[in-house]
């Protein structure tokens, strides 16, 4: 085969991805951008507009899609309920009295807000970190980096994040299985956050010596449990029910356990705060909620269009399987993550391709290691993205020049990707 024949399928895929990334870059919406990419892919591989439409309709009729959309909607409703009712803030106030070490307090508030997967959540924790750091001899750039980094330490280990749920759904594995293979990222993020942003020598040593501890809340664990009860119900109940259903009732979708726990958690918030039907109406009419549902819809359309257009078969027929896998598991997730600045983007845009290649090569047993690899590389791209909404909002809040803070994020983010590659070989071995 000549070079043109070998490269043509890859050029077509790259062209479709370029259209998708341009849509994201020019802010026409992630969901619309993925739909545009799927349409371009269909045309380039000989699938007409009518067939593209029919494939899309069939994709949105799948049980897997409907369950995933219900999970994402339930998560966003729970997050919004805790934020709008002030329960998230009360939970933090009830826990803050236990935080004696000032460095621990600087990391704690962004990390706690990180448990709630709300878009731009870093701007919610920025005022809290600013209040904690008000009397500490720190630069505003340090405040930006601490808020941004520790806000995202849970991204690959917390079952409420849409990116994790999407990845598990696309790979057709329980989310707990995925977390067991990617959860090490939590400890990696803590270690890198300490080394690059929090340790003595990076932050002034005098901070620990001169700052007097003033508890920001009472040491009442019962109050903390009360305010954290919705999260406890959602996480423990969701994982527990998912495991029970998967092991004892295999004919029933295990996602129903997660949905049930999330709904009970939301009901708990509403009862604790006296929220009525007007709250639900307000949440269900939010643009951000339906924007995320559109993203999930577009991802499933993209996945099925790839199958109908035989994209993976065309790539595998002209190139080595390993080269295609490296591209789909390392390069594309990192690139899409860096351009989009959101986990759901790299998962939805690149994981269907990666999973299709694995299936074509008969490597279904390697799905989990490759999903972990793609997750680490994509997440590194998200953290390094200069258009990441949390990064932009945090820089704006603390009035810090974006380039000044961004330079210090690059190296630890690259280390996340390199660790993921090493972790992949360990899992695969």
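The values are calculated or read from the model by the stated rules, or taken from the named source; none is laboratory data. For clarity, every value in this text was computed on a predicted model and none was experimentally measured. Neighbour counts run over all protein chains shown; Cβ positions are idealised from the backbone, glycine included.
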* Asked: Scanning for something assigned to a helix (DSSP H, G or I), free of Cβ contacts under 8 Å to residues at least 24 places away in the same chain and touching a helix residue (DSSP H, G or I) at 6+ places or on another chain (Cβ under 7 Å), does the range 393-408 turn up at least one residue?
  -> yes
* To do: Sort out which residues of the range 102-119 are surrounded by fewer than 18 Cβ atoms within 10 Å (Cβ to Cβ) and modelled with pLDDT under 75, and write them in order of number.
  => 119
* So which residues in the range 40-63 are within 21 Å of residue 350 (Cα to Cα), out of contact with any helix residue (DSSP H, G or I) (no Cβ under 6 Å at 6 or more places or on another chain), in contact (Cβ under 8 Å) with a residue 12 or more places away in the chain and in a helix (DSSP H, G or I)? -> 58
* Structure fact -> Filtering the range 64-98 for residues that are in contact with a helix residue (DSSP H, G or I) (Cβ under 7 Å, 6 or more places away or on another chain) and not in a helix (DSSP H, G or I) leaves a count of 1
* Structure fact -> Result of the Cβ filter at 9 Å on the range 251-275, keeping first residues that are surrounded by fewer than 23 Cβ atoms within 10 Å (Cβ to Cβ) and partners that are not in a helix (DSSP H, G or I), at least 6 apart or interchain, is 254/174; 270/85; 270/276; 272/85; 273/85; 273/86; 274/85; 275/85
* **Filtered residues of the range 330-345 (kept if part of a helix (DSSP H, G or I) and touching a residue at least 60 places away in the same chain (Cβ under 8 Å))** => 330, 332, 334, 335, 336, 339, 340, 343, 344, 345
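State yes or no: is residue 318 surrounded by fewer than 24 Cβ atoms within 10 Å (Cβ to Cβ), modelled with pLDDT of 85 or more and more than 15 Å from residue 33 (Cα to Cα)? First the steps, then the outcome.
Details: surrounded by fewer than 24 Cβ atoms within 10 Å (Cβ to Cβ): yes; modelled with pLDDT of 85 or more: no; more than 15 Å from residue 33 (Cα to Cα): yes.
For residue 318, the condition - surrounded by fewer than 24 Cβ atoms within 10 Å (Cβ to Cβ), modelled with pLDDT of 85 or more and more than 15 Å from residue 33 (Cα to Cα) - is not met.
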* Evaluate the range 351-369: report whether one residue or more is touching a helix residue (DSSP H, G or I) at 6+ places or on another chain (Cβ under 9 Å), closer than 21 Å to residue 42 by Cβ and at pLDDT below 80. => no
* Any residue in the range 45-62 that is farther than 18 Å from residue 263 by Cβ, surrounded by 14 or more Cβ atoms within 10 Å (Cβ to Cβ) and within 20 Å of the chain's Cα centre (by Cα)? -> no
